[in-house]
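Quick note: the coordinates plus some simple rules give every number you see, no bench work behind them. In this text the structure is predicted, and so the values were computed from the model without any measurement.
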Amino acid sequence: MIDHHPQPPDPEKDDFAQQAAETSPSIVQEFLQYLSESKKWWMIPILIAGGLIAALVALSSSAVAPLIYPLF
């Protein structure tokens, strides 16, 4: 005999469905959350310096290059 009584909702499945429906944070938001939770704020100046160097390398092969070289 088949029991046709409805099962009570499983709270774990509801939580999973709720998390799946949420939008995921951007990579920057996730990284800032990681920095705040792990207290690794000393990484920010390193990342800024790396980003500036990457921008200079990217711009050195463009039409902006003649404007960058006099800075050095």
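Odds and ends about this structure:
- A full extension of the chain between ALA21 and TRP42 corresponds to an added length of 4.1 nm, given 0.36 nm per residue minus the alpha carbon distance.
- Couplings for the range 27-34, taken from phi via the Karplus curve 6.51 cos²θ - 1.76 cosθ + 1.60 with θ = phi - 60°, read 5, 5, 4, 5, 5, 5, 5, 4 Hz in order; Gly and Pro are left as x.
- Net length available on complete extension from LEU52 to ALA65 is 3.2 nm, with 0.36 nm assigned per residue and the Cα-Cα distance removed.
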